[in-house]
Structures are given as structure tokens and as C-alpha cells.
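Structure first, commentary second.
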Amino acid sequence: MLQQVAMVALGGGIGAALRYLTSEWVSNDGFPYATLAVNLVGSFLMGAVAIGLAEQVISKDLALLLGTGLLGGLTTMSAFSVETIQLIENQQTGLAVGYVSITMLLCPLLALLGWKLSGTILTST
């Protein structure tokens, strides 16, 4: 159990640092592009790693490190929620609705795509 907690903590630290770096690298002109980007990419990778690959290829510990840890630390619904409220507070309701809509539609679809793509890759090898 302690080893699994350590894997999640290590991955979470790396994921959180990557999320911070992304927010520094991606311009922010009033729309939270960095959070949207990490949530979209993270959802795709979570589908591939935590769902698709974990079932057949990688160990449970590696799935914890990459899925729960790294991707859990990278993606962030808490920042998404606060940024949505900030858009509404700044009377940018249209942007807020667009942000929520894109996130809620594309993240699950990209997770499914990652899952299916990883399954296709595994069955073709």
C-alpha cells in the first residue's frame, strides 16, 4: 500500500509541475487555454493509459504513477471550476458557457478515443 501511495505522489508531483509549466507557457488573454489544453490532452491520455493499457500492458503500479498520479496532477477540475466562475464574474458568460461545453463534451470523447486507440494498437501488435 505504501508503495502505491508513493507512486501516486510521485506522479502527482510531476503532473502538477507540468500543469504549472503549461500555464506559464500558454498565453492567457482572458480565456483559460492552458487548463483547457491539459484537461483535453490529459483526458485522452487517461483513456489510453489508465483504461486501455492498464488492462493488458502496464503494471498496476505504473498505471497508478501515470494515471492517478501524473494525469491526475496534470488535469484539474478545480481550476476549471474557478476559471468558469471568474469568466461569469467578468461578465463573459458566453465564454464561460463555451468553456464548459467544450470541456464537458471533448474530454470524455477524447478519453474514449484514447481508450479505443490504445486497444487498436494493442490488438495489431
With the first residue restricted to the range 6-28 and required to be among the polar types (S, T, N, Q), and the second required to be surrounded by 13 or more Cβ atoms within 10 Å (Cβ to Cβ), Cβ contacts under 6 Å at 6 or more apart or on different chains are 22/34; 22/38; 23/34
Contact list, first residue from the range 105-125 and in contact (Cβ under 8 Å) with a residue 12 or more places away in the chain, second anywhere and among the aromatic types (Phe, Trp, Tyr), beta-carbon distance below 7 Å, six or more apart or interchain, is 110/44; 111/44; 113/44; 114/44
Check: Quick one: would you say residue 81 is closer than 21 Å to residue 22 by Cβ and polar (S, T, N, Q)?
Finding: yes
What do you reckon, is residue 94 in contact (Cβ under 8 Å) with a residue 40 or more places away in the chain and of a type in the set (Gly, Ala, Ser)? no
Here the residues within the range 1-13 that are hydrophobic (A, V, I, L, M, F, W, C) and crowded, with 16+ Cβ neighbours inside 10 Å are 7, 8
With criteria (1) closer than 19 Å to residue 117 by Cα; (2) free of Cβ contacts under 8 Å to residues at least 60 places away in the same chain, residue 88 comes up short on (1)
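Throughout, read-outs are computed from the coordinates displayed, never taken from laboratory work. Being a predicted model, the structure only gives us computed values, none of them experimental. Neighbour counts run over all protein chains shown; Cβ positions are idealised from the backbone, glycine included.
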